[in-house]
1. What are the residues in the stretch 117-150 that are in contact (Cβ under 8 Å) with a residue 40 or more places away in the chain and not hydrophobic (A, V, I, L, M, F, W, C), if any?
2. Is there any pair linking a residue in the stretch 16-42 that is touching a residue at least 24 places away in the same chain (Cβ under 8 Å) and under 22 Å from residue 55 (Cβ atoms) to one that is basic (Lys, Arg) and not in a loop (DSSP other than H, G, I, E, B), with Cβ under 7 Å and at least six apart or on different chains, and which?
3. Which of the residues spanning the stretch 168-181 are part of a helix (DSSP H, G or I) and within 10 Å of residue 18 (Cβ to Cβ)?
4. Go over the candidates 145, 107 one by one and state the one that is buried (at least 16 other Cβ atoms within 10 Å of the Cβ), touching a strand residue (DSSP E or B) at 6+ places or on another chain (Cβ under 7 Å), at pLDDT 95 or above and part of a strand (DSSP E or B).
5. If the requirement is being part of a helix (DSSP H, G or I) and out of contact with any Gly (no Cβ under 9 Å at 6 or more places or on another chain), which of these qualifies: 202, 209?
6. Out of all the residues in the stretch 1-14, which are closer than 29 Å to residue 186 by Cβ, surrounded by fewer than 23 Cβ atoms within 10 Å (Cβ to Cβ) and of a type outside the set (Gly, Ala, Ser)?
7. With the condition kept exactly as written, say whether any residue in the stretch 61-76 is touching a Leu at 6+ places or on another chain (Cβ under 7 Å), assigned to a helix (DSSP H, G or I) and modelled with pLDDT of 95 or more.
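The values are calculated or read from the model by the stated rules, or taken from the named source; none is laboratory data. Predicted model only: the values in this text are computed from it and were never measured. Don't worry about glycine lacking a Cβ; one is built from the backbone with ideal geometry, like all the others, and counts go over all protein chains shown.
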Amino acid sequence: MTDAAPILLFGGTFDPPTRAHSALPAQAAKLIGAQRLLFVPAAISPHKLDRPPTPPAHRVTMLELALRDLEGAEIRTLELEREGPSFTIDTVRAIRSEFGPDTPLHFLIGDDQAESFHRWQDCDELLALSAPVVLPRRHGSVEAFARAMAESGGNWSEAEVRTWCDRRLDLPCMTMSSTDVRNRLESGDDADDTIDPLVLDYIRTHALYA
């Protein structure tokens, strides 16, 4: 047994970070008793290779503004310091090495991404080193998520599907995406309800997504 408090990792491009990117992971951390919430901006997401992200310096600054009042939140730039696509397994290996084998380590994953988890890089090792925490995004109920996992092509057994469902947190669906926000900003539409005011000021000052 270990008395170490859990650590929760949350990776993404944060391009830009939305209100949901700070609020829901913070609630997730509280639900699992994590005292440290590590935000890990991706250099290039392997799931978004078709669109180059906004330069890292801008994304990190926006994330710093978005998280300025969030207790226990840290930004880790290790993926930005590596070349090539950002794979979760590389980050988890590095964090596990830093904190040792006895610290409970979790990573936050949307239920939409969980459906394709069997195609993630070294997914079996990833589960051995850390435990996923599932954030509702696409499915409004545990039953809908269970059906999606059973039909995902991952050849999950009934017991494994139940385990994934047990990892799903009772939180509102994170329907707000950075892509939706970018589209609104690029169209000149109002985005005040989706982005922290200081982040929005930064976007306007630097003419991002114009």
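1. 121, 130
2. That search, which allows pairs on different chains as well, returns 41/59.
3. Result: 178, 180, 181.
4. Values: 145 fails: part of a strand (DSSP E or B).
Unique residue meeting the criteria: 107.
5. 202
6. First pass over the stretch 1-14, keeping only residues closer than 29 Å to residue 186 by Cβ: 10-14.
The next check asks that each one be surrounded by fewer than 23 Cβ atoms within 10 Å (Cβ to Cβ); those that pass are 11-13.
Result: 13, single match.
7. Start the filter on the stretch 61-76 by keeping residues that are touching a Leu at 6+ places or on another chain (Cβ under 7 Å), which leaves 65, 72-76.
Next cut, assigned to a helix (DSSP H, G or I) only: 65.
Right, trim to modelled with pLDDT of 95 or more and you get 65.
Yes: the stretch 61-76 contains one or more residues that are touching a Leu at 6+ places or on another chain (Cβ under 7 Å), assigned to a helix (DSSP H, G or I) and modelled with pLDDT of 95 or more.
Rundown of residues vs (1) without any contact (Cβ under 8 Å) to a residue 24 or more places away in the chain; (2) surrounded by 14 or more Cβ atoms within 10 Å (Cβ to Cβ); (3) under 27 Å from residue 31 (Cβ atoms), yes/no style:
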residue: 152; (1), (2), (3): no, yes, yes
residue: 157; (1), (2), (3): yes, no, yes
residue: 169; (1), (2), (3): no, yes, yes
residue: 180; (1), (2), (3): yes, no, yes
residue: 183; (1), (2), (3): yes, no, no
residue: 190; (1), (2), (3): yes, no, no
residue: 201; (1), (2), (3): yes, no, no
residue: 207; (1), (2), (3): yes, no, no
